[in-house]
1. Can you tell me which residues in the stretch 89-135 are under 25 Å from the mean Cα position of the chain (by Cα) and of a type in the set (D, E, K, R)?
2. I'm checking my understanding of the structure. Among residues of the stretch 52-82 that are more than 15 Å from V359 (Cβ to Cβ) and charged (D, E, K, R), which one is surrounded by the fewest Cβ atoms within 10 Å (Cβ to Cβ)?
3. Restricting the stretch 168-195 to residues that are of a type outside the set (G, A, S) and buried (at least 23 other Cβ atoms within 10 Å of the Cβ), which is nearest to the ligand (Cβ to nearest atom)?
4. Output the number of residues of the stretch 95-113 satisfying the condition of being surrounded by fewer than 19 Cβ atoms within 10 Å (Cβ to Cβ) and near the ligand (Cβ under 10 Å from one of its atoms).
5. Six or more apart or on different chains, Cβ under 7 Å: which pairs go from a residue in the stretch 36-49 that's over 14 Å from T393 (Cα atoms) and at pLDDT 95 or above to one that's charged (D, E, K, R) and more than 11 Å from the ligand (Cβ to nearest atom)? Could you list them?
6. Only helices (runs of 4 or more DSSP H) wholly contained in the stretch 300-392 count here; list those with 3 or more residues that are in contact with a Cys (Cβ under 9 Å, 6 or more places away or on another chain).
7. Quick one: how many residues across the stretch 25-65 are in a loop (DSSP other than H, G, I, E, B), away from the ligand (no atom under 14 Å from the Cβ), out of contact with any Leu (no Cβ under 8 Å at 6 or more places or on another chain) and not aliphatic (A, V, I, L, M)?
8. Starting from the stretch 375-387, take each residue that is at positive phi and hydroxyl-bearing (S, T, Y) and list its partners that are at pLDDT below 95 and crowded, with 19+ Cβ neighbours inside 10 Å, counting only C-beta distances under 7 angstrom and pairs at least six apart or across chains.
Amino acid sequence: MSKPLEGIKIIDFTHVQAGPACTQLLAWFGADVIKVERPGSGDVTRTQLRDIPDVDALYFTMLNSNKKSLTLDTKKPEGKEVLEKLIKESDVMVENFGPGALDRMGFPWQYIKELNPKMILASVKGFSDGHHYDDLKVYENVAQCAGGAASTTGFWDGPPTISAAALGDSNTGMHLAIGILTALIGRDKTGKGQKVAVSMQDSVLNLCRVKLRDQQRLDRLGYLEEYPQYPHGEFSDVVPRGGNAGGGGQPGWVLKCKGWETDPNSYIYFTIQGHAWAPICRAIGKPEWIEDANYNTATARQPHIFDIFKTIEEWLADKTKFEAVDILRKFDIPCAPVLTMKELANDPSLRESGTITEVPHKERGSYLTVGSPIKFSDMKPEITASPLLGEHTDEVLKRLGYSSAQIANLHKQQAV
Ligand code: COA
């Protein structure tokens with residue numbers, strides 16, 4: 001089956017997570033992605049948090065599937081020459097080096113554009129160009145702090161908290177992928193490439209949009225009625241951490257189920273959807289609350305929302321998280337068990353849909369990865385193993401017109 005991005009050639013000059021997540025996605029959808037790596041070491045994640053000695057770490061294999069690997073020291077003249085040839089024949093170059101690294105290497109945007117006016121250069125940086133922090137190197141958690149996620153995540157009586165979800169890294173990569181596809185469509189119309197830049201701070205902030213909504217509501221009203229601080233606690237002049245409160249107009253909380261005393265994940269998320277109040281009352285055995293004026297509107301419920309959650313927890317006390325959801329789903333109540341990574345890894349539905357997929361790898365045997373979360377009616381992305389370091393160097397050089405003797409010579413000059 002032909003894939004929509006087949007024929008799109010991408011120079012993947014990325015490392016760690018933000019850039020690789022972007023190019024991996026494009027590779028799944030058919031792009032020819034060549035990862036350019038430093039000879040001898042390659043992407044740092046190849047060796048980070050290894051679980052098997054001398055074999056590419058899962059950190060690398062799970063972010064670099066479906067790619068080719070070309071080793072090239074782009075600071076040496078021969079390496080620069082290869083990169084120039086690649087730029088001339090490619091559609092997109094993606095990079096997430098520290099600020100200024102590409103310029104120092106001798107490949108500023110102006111020069112890349114001269115080499116190939118149709119080129120799309122896609123960059124991830126911690127902060128956007130011109131920002132007062134634009135000289136900073138940035139990793140995931142730094143971005144979560146700078147983008148508003150940390151100050152609004154966690155509990156009000158604890159410190160700012162980092163989310164396990166890669167809001168700074170993979171999320172920025174997904175934003176960049178959208179930017180690249182947009183620039184490719186734009187290029188079809190104009191014939192010209194362009195530079196696409198995404199900052200990690202901006203991408204985190206984009207996902208914290210509702211917290212900026214809340215800041216403006218707080219400025220105007222002095223309180224936020226869906227936060228646990230309302231109406232009994234205090235508000236300052238900044239959006240507080242709301243624990244497990246829902247971010248929208250539907251109150252919700254993480255509630256204990258049978259076995260929570262020994263199993264730290266025996267919980268469900270329960271949402272009190274305004275118009276589902278009657279089914280909720282019927283589900284939890286409180287039909288008398290349906291018409292009770294203390295309960296039958298969202299405004300009436302809010303002052304004692306935690307007493308309501310406590311009552312629901314009493315109902316949940318003899319049900320596992322899975323049993324509870326099986327009952328509540330019949331009443332159309334938005335809820336889910338709190339699932340562990342172990343449960344997700346073995347979830348038959350996720351295996352069936354390809355969201356969790358097992359990939360054979362030359363050196364480590366097979367490993368689990370997260371496949372495409374985007375599903376298409378006419379295409380099923382097939383996930384193949386990440387490349388070994390330099391696995392495709394000769395293949396790519398041949399394609400660029402190098403003879404066997406020239407390739408052997410290049411290897412000698414590039415040796416670390
Ligand atoms: N050949 C020769 N040199 C290479 C090379 C290659 N194939 N690949 C990388 N390099 C060089 C770079 O040009 C750079 O040179 P410099 O000495 O001029 O700075 C050097 O390696 C280091 O690159 P850098 O990206 O700064 O690595 P780092 O390990 O110091 O920093 C980050 C890592 C992630 C903090 C930094 O890259 C960064 O801030 N990136 C932007 C934000 C980002 O994507 N962060 C999230 C990562 S998940």
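The values are calculated or read from the model by the stated rules, or taken from the named source; none is laboratory data. Everything numeric in this text was worked out from a predicted model, so none of it was measured. Ideal geometry is used to build each Cβ from the backbone, glycine not excepted, and the neighbour counts take in all protein chains shown.
1. Result: D91, E95, K125, D129, D134, D135.
2. Result: D54.
3. If we take residues in the stretch 168-195 being of a type outside the set (G, A, S) and buried (at least 23 other Cβ atoms within 10 Å of the Cβ), then D169 is nearest to the ligand (Cβ to nearest atom).
4. Just the residues of the stretch 95-113 that are surrounded by fewer than 19 Cβ atoms within 10 Å (Cβ to Cβ), to begin with: 97-101, 103-106, 108-111, 113.
Checking the rest, the ones that are also near the ligand (Cβ under 10 Å from one of its atoms) come to 97-101, 103-106.
The total comes to 9.
5. If the second residue must be charged (D, E, K, R) and more than 11 Å from the ligand (Cβ to nearest atom), the pairs left are R46/D56.
6. On the way: elements: 305-316, 321-328, 341-345, 348-353.
In the stretch 300-392, 321-328 are the helices (runs of 4 or more DSSP H) which contain 3 or more residues that are in contact with a Cys (Cβ under 9 Å, 6 or more places away or on another chain).
7. So in the stretch 25-65, the residues in a loop (DSSP other than H, G, I, E, B) come out as 29-31, 38-43, 47-57, 62-65.
Checking which are away from the ligand (no atom under 14 Å from the Cβ) leaves us with 29-31, 50-57, 65.
Subset that is out of contact with any Leu (no Cβ under 8 Å at 6 or more places or on another chain): 50, 52-55, 65.
Checking the rest, the ones that are also not aliphatic (A, V, I, L, M) come to 50, 53-54, 65.
Qualifying residue count for the region: 4.
8. That search, which allows pairs on different chains as well, returns nothing.
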